Each structure stands twice: as structure tokens, then as C-alpha cells.
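Okay, so here's the structure we're looking at.
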Ligand code: PA5
Ligand code: MN
């Protein structure tokens, strides 16, 4: 094991890049069904299959005492009134919590408690941390005008469970209303 490479990684919060990390790109075409305004989604996709977000992940070691982390970057943009967002997920190992740290831009995290269905909107901005408890679906949303970048740190065994959200989505949506991020019921 290359100790230095595993223990020291530099990232660029402006560009949303991290040296040596595995990068996943999500484009509009990867997000069919995630935005509430389907007509606006199809119209935007017909124009261009724009990049919506990237996640650069680092998995230094496996095991129950270990941590993984990722640098996320969400581009600024909207589909209709809804801001660019991540798919959102539960952790496959439901009790696993996660710590998000805002690096650049202005955003929010939409949290949804699995047992109660209760939603919370939490700011994600530079020099701040958001604690995502276990058993909570989480989605990150760029409500600003520049790329939103953040770090997420989670137990190595957390895993990502996208299934439930892909099927039924979050109960709430975050829309620009009079230019401000506003939490609304999802109306289909
Ligand atoms: O692990 C996390 O919670 C983050 O790094 C997310 O993976 C990242 O925000 C992208 O979101 P999603 O995994 O829902 O596509
Ligand atoms: Mn997560």
C-alpha cells in the first residue's frame, strides 16, 4: 500500500476535481424521471445533454472501521423551476450517517426520514457542515449561480441504495419561487 497516496489527497474546490479519484459523471440523460417538470426536462435534453454533476470518490480501505469520501460538484441550472440536483439515495446500510462539508457555491440538502417521511431543507454553503443521520434519504441541490462543490464522508460500508428514490422520488421538491429556493409538495 502506498501510504502517502492513500493518506494525502489534494482537491480543487473551484474545479470540483480530486487527484487520483474515480469520477462519475451524471448528465441530463442519466436523470430521466428525477425532475418534476417532465416537459421541461425533455425540452432541455433535446437542446443538449448537459453535465449536471460529477462525484469523485476515494475508497482508501474496506472494512467496518473505515471511511470513504467523495467530492461532489453540481453545475448551476434548472429544469423548469427546479434546480439541478443529485439523484439522491438512502445508504444500503441504513444506520450509516454521513458528514457533508460545503466548499464552494450555494446549495441545500433535502433530507427525508425513512420512518416518518418528514422532510428537511438544510443549507450547504462554504465553511459549514451538514450531518445526515442514518435512515435518511439525501439529495444535494445547487440553488446558486456557480458550481456547488462539497465533500461527503461516510462509513466504508454505507453503500448507495438508489432504488427507492428512483421509483418514488422525494416527497418534496425544491423550486425557485420569486428567485428563492422554496420547499413544495411534489405534485404530479
Ligand atoms: O455519498 C454521497 O452521499 C455523495 O457523495 C453523493 O454520492 C453525491 O452527492 C452524488 O449524489 P448521488 O449519489 O445521490 O447521485
Ligand atoms: Mn450518501
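Coordinate-derived values only; no laboratory data. Since this is a predicted model, take the numbers as computed values, not measurements. We place every Cβ from the backbone using ideal geometry, glycine too, and count neighbours over all the protein chains shown.
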- Note on the structure: Length gained, residue 186-residue 94, 0.36 nm per residue minus C-alpha separation, equals 30.7 nm
- From a point 7 Å beyond the Cα of residue 48 in the direction of its Cβ, which residues of region 162-188 have a backbone N at a distance under 19 Å? none
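How large is the convex hull of the C-alpha atoms of region 1-111 per residue, in Å³?
Enclosed volume per residue, from the Cα hull, is 128 Å³.
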- Query: Regarding region 63-158, what is the average projected area of its C-alpha convex hull, in nm²?
  - Reply: 6.0 nm²
- Query: On a 0 to 90 degree scale, rounded to 10, what angle separates helix 38-47 from the longest Cα axis of the chain?
  - Reply: 70 degrees
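Hey, what D do you get for region 108-188 in µm²/s if you plug the Kirkwood alpha-carbon radius into Stokes-Einstein at 25 °C and 0.890 mPa s? Show your work: numbers first, answer last.
Working: Rh = 14.0 Å.
Answer, rounded: 175 µm²/s.
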- Message: On alpha carbon coordinates alone, what is the Rg over Rh value for the chain, Rh being the Kirkwood radius?
- Response: 0.96
- Report relative contact order for region 109-185 in percent, whole number only (criteria: Cα-Cα under 8 Å, sequence separation at least 6). 25 percent
- What's the center-to-center distance, using Cα atoms, between region 58-86 and region 128-180 in Å? 8 Å
- Task: Compute the relative contact order of the chain as a whole-number percentage, counting only Cα pairs closer than 8 Å that sit 6 or more residues apart in sequence.
- Result: 23 percent
